[in-house]
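Derivation of every value follows stated rules applied to the coordinates shown; laboratory data play no part. This one's a predicted model, so the numbers in the text were calculated from it and none came from an experiment. Don't worry about glycine lacking a Cβ; one is built from the backbone with ideal geometry, like all the others, and counts go over all protein chains shown.
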Amino acid sequence: MCGIVGYIGNRPAESLLLDGLKRLEYRGYDSAGIATLHEGQTYLRRAPGRLDNLKKRLQNNPALGNVGISHTRWASHGSPSEQNAHPHQFGNIALVHNGIIENHEELKQELQQLGHQFQSDTDSEILAHLIARYCEQTPDNFAKAIRQALTRVEGAYALAILDTKHPDILIGVKQACPLVVGIAEGENFLASDFPAVLSHTRQFYILDDGEMAILTASHIQITDLEGKRKTKEPITLNWSPAAAEKAGYKHFMLKEIFEQPQAVIDTLCGRLDHDKIEQAFLGIQIEHLSNIERITLIGCGTSYHAALVGKRYIEALAKIPVEVDFASEFRYRNPLIQNNHLVLGVSQSGETADTLAALKLAQSQNAYTMAVCNVLDSAIPRLCNQSIGTFYTHAGPEISVASTKAFTTQLVSLYLIALLLGKQRGTLNSKDLQRRLENLYSLPMLLEKVLEHEASIQQVAKNWLKSEHMLFMGRGFLDIVAREGALKTKEISYIHAEAYAAGEMKHGPIALIDDKMPVVVLAIKDYLYEKTLSNLEEVKSRGAQIIVLCNEDDQKLRSLYPDALLIPSCPPDLLPAVAILPLQILAYHLANLRGLDVDQPRNLAKSVTIE
Ligand code: AGP
């Protein structure tokens with residue numbers, strides 16, 4: 001989600017607004033901007049890319065004044081660029097906006113008929129024009145004019161609005177997107193999230209849907225959208241700034257596990273419009289993808305596991321042969337690069353040395369390159385943007401070394417790429433594409449359902465806390481999920497956890513089985529269920545202690561194995577993203593109960609920028 005900061009008080013606004021955006025960087029963004037008012041003039045500065053680019057703009061052209069608004073944006077309507085960055089200004093009005101205006105096209109046409117011209121591709125700019133129009137009609141009452149304008153608006157918004165005609169007022173409005181009011185002495189704040197202003201105040205009003213906050217330096221008035229005054233009790237937030245960044249969770253990893261529904265929403269948000277899947281690829285040279293005859297997916301660790309899932313998506317939906325390789329292997333095996341060959345690098349950080357080097361090698365041999373990445377303007381996107389480009393996961397920064405929300409949003413991204421390739425090749429008809437996109441929209445709700453089982457998964461972790469070894473096994477997608485689950489467990493709990501394709505056990509690994517070996521069997525009611533149950537019996541008959549990951553409605557397995565990790569039934573393509581969550585939670589609680597440093601495990605770094 002994008003970030004909003006507003007300030008009105010007795011101090012220069014610029015540095016406070018920039019500092020607030022800095023504290024919201026964890027939300028992820030691809031452009032940023034600021035607007036302040038001073039002596040009847042609006043100072044508007046915007047820049048694509050990281051906050052440092054905006055700071056450079058301000059060094060030569062500072063934004064003066066003690067009242068202002070600022071914003072970090074993830075592109076939804078319109079690609080990441082200066083003209084699409086917020087704030088948007090028209091006439092005396094400047095505003096920043098989180099959310100989506102659903103009837104933006106209708107409003108745009110109406111305003112164009114009145115002579116309005118637009119500089120950006122965003123729905124937010126339309127809002128600035130609309131509000132300015134109503135302010136012209138009601139010049140004496142800034143708040144009333146905004147309320148009147150918003151009666152025309154359908155959709156979700158968190159707004160911070162300035163008017164050069166009313167420099168002593170800052171207005172915030174909340175409808176379906178978070179917005180809080182920071183209360184301080186001689187100054188007041190607006191923010192999309194507490195960390196932005198927690199270093200200045202711990203007193204907040206949390207705005208509810210349909211509420212407007214009218215701020216001056218010394219006073220705050222809250223009304224509904226009819227103008228009726230509302231009284232609210234302020235809250236005192238006792239979090240430290242560090243805890244605020246963890247949003248009250250004990251570890252970043254648990255926060256990031258629970259952020260996954262929102263991370264998926266943010267990765268999909270504003271990118272899909274019915275079956276116009278191409279819209280999800282703004283700024284990416286997708287025309288080259290239609291000629292691709294061979295694909296190599298590369299990555300490391302969790303990103304490699306995401307690539308394994310991506311292979312199955314692309315081969316099934318686009319019928320293109322896909323190989324998957326560890327980036328560290330690809331770069332040294334003298335790979336065969338052929339014509340119309342795409343090498344796609346998957347990376348959360350965008351800085352992993354092996355993945356970067358492998359992509360450079362591919363590019364040097366005239367392969368097309370592309371990236372799926374979570375960090376804007378990092379090394380791998382900068383390289384791949386010289387070729388086809390980067391599909392950004394909008395997971396927001398992932399702080400914990402163990403990758404969780406990056407993995408699920410990588411799966412969503414690779415699925416969208418597979419759908420695009422299938423549409424381009426005609427291996428996917430419009431009806432099937434639409435059905436699969438609708439399934440994808442159900443993923444956040446499915447993830448929420450899994451997260452409801454956290455307490456029972458924590459109990460499973462307690463039961464197996466003393467294990468020295470663990471084996472994970474599954475078939476098909478669940479073989480890959482087993483590998484990712486084993487990686488999570490080994491890297492943060494230090495339990496020696498391994499994964500094998502369930503059908504592979506009898507070819508050697510079953511020799512490991514005895515009554516001290518817990519085996520996590522991933523058995524979902526799909527076409528491989530019966531085969532997996534046979535594999536379960538193979539290890540059980542040799543004494544293994546069984547933990548099953550199964551469907552919530554699988555009464556047979558749940559009655560046989562009380563330590564069940566449960567997931568809802570889901571569309572087959574979404575199974576990897578749904579099934580990994582219980583294993584992430586299991587790994588987290590094993591490590592936490594062992595008193596280990598969950599977010600910073602021994603010997604590991606968040607981004608492996610060396611070979
Ligand atoms: C996963 O939990 C690990 N942190 C690690 O395997 C990671 O996935 C790997 O180092 C790749 O990092 P990247 O996605 O940033 O390229």
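Segment 16-46 and segment 443-507 have Cα centres lying 43 Å from one another.
Take every pair of alpha-carbon atoms less than 8 Å apart whose residues are at least six positions apart; their mean separation over the length of the chain yields a relative contact order of 11 percent. What does the charge count around GLU106 come to, taking other residues whose C-beta lies under 13 Å from its C-beta (Lys +1, Arg +1, Asp -1, Glu -1)? Summing Lys and Arg as +1 and Asp and Glu as -1 gives -3. Measuring against 31 Å, Cα to Cα, the residue pairs LYS405/LYS540; LYS466/LYS540; LYS431/LYS506; LYS246/LYS360; LYS405/LYS466 contain LYS405/LYS540; LYS431/LYS506; LYS246/LYS360 as the ones spanning a longer distance. Ordering PRO562, TYR494, LEU528 by the projection of their Cα atoms onto the charge dipole of segment 483-589, which places +1 on the Cβ of Lys and Arg and -1 on the Cβ of Asp and Glu, puts TYR494 at the extreme positive end. Full extension of the chain segment joining GLU552 with ASN340 gains 71.9 nm, where the gain is 0.36 nm per residue of separation less the Cα-Cα distance.
Amide H contacts for LEU282 (H built 1.01 Å from N in the peptide plane; partners 5 or more residues away or on another chain; cut-off under 5 Å): none found. With the charge dipole of the chain set up from +1 on Lys and Arg Cβ and -1 on Asp and Glu Cβ about the Cα centre, the Cα lying farthest toward the positive end among the listed residues GLY49, PHE330, ALA128 is that of PHE330. Karplus-based coupling profile of segment 429-439, in residue order and whole Hz: 7, 4, 5, 5, 4, 4, 5, 5, 5, 4, 4, with θ = phi - 60° in 6.51 cos²θ - 1.76 cosθ + 1.60 and x standing for Gly or Pro. Charged neighbours of GLN365, selected by a Cβ distance under 14 Å, balance to +4 (K, R count +1; D, E count -1). Label-to-label distance, TYR494 versus ASP121, with points set 7 angstrom from Cα along the beta-carbon direction: 5.0 nm. Considering only GLN348, PHE118, ALA13, and ranking their Cα positions along the charge dipole of the chain that arises from unit charges at the beta-carbon of Lys, Arg, Asp and Glu, the one farthest toward the positive end is GLN348. Per-residue Karplus couplings for segment 36-43, computed as 6.51 cos²θ - 1.76 cosθ + 1.60 with θ equal to phi - 60°, are listed in order as 10, 10, 7, 6, x, 10, 9, 9 Hz, Gly and Pro entered as x.
The slack between SER218 and SER607, meaning 0.36 nm per residue of separation minus the straight C-alpha distance, is 135.5 nm. Consider a paramagnetic label point 7 Å from the Cα of ASP208 along Cα→Cβ; state which residues of segment 224-243 have an amide N under 18 Å from it. Those under the cut-off are 224-236.
In segment 550-588, whose amide N lies under 13 Å from the spot 7 Å out along Cα-to-Cβ of GLU452? List them in ranges. It comes to 552-553, 566-569, nothing else. Karplus-based coupling profile of segment 479-495, in residue order and whole Hz: 5, 5, 4, 4, 5, 5, x, 5, 5, 4, 5, 5, 7, 10, 9, 6, 6, with θ = phi - 60° in 6.51 cos²θ - 1.76 cosθ + 1.60 and x standing for Gly or Pro. Counting 0.36 nm for each residue step from ALA357 to GLU226 and taking away their Cα separation leaves a gain of 41.3 nm.
Note on the chain: semi-axes of the ellipsoid equivalent to its C-alpha gyration tensor, largest first and rounded to whole Å, are 46, 28, 22. Within the chain, antiparallel bridges make up roughly 60 percent of the DSSP beta bridges whose residues both belong there. Compute the distance from the alpha-carbon center of segment 224-270 to that of segment 132-179, in whole Å. If you average the Cα positions of each part, the centres end up 23 Å apart.
Amide H to amide H distances under 5 Å link VAL372 with GLY345, VAL346, SER347, PHE391, where only residues 5 or more positions off or on other chains count and H is placed in the peptide plane. Under 5 Å between amide hydrogens, built in the peptide plane, is the criterion, and for GLN545 it picks out MET517, VAL519 among residues at least 5 positions away or on other chains. Within segment 383-448, the proportion of Cα pairs with more than 20 Å between them is 43 percent.
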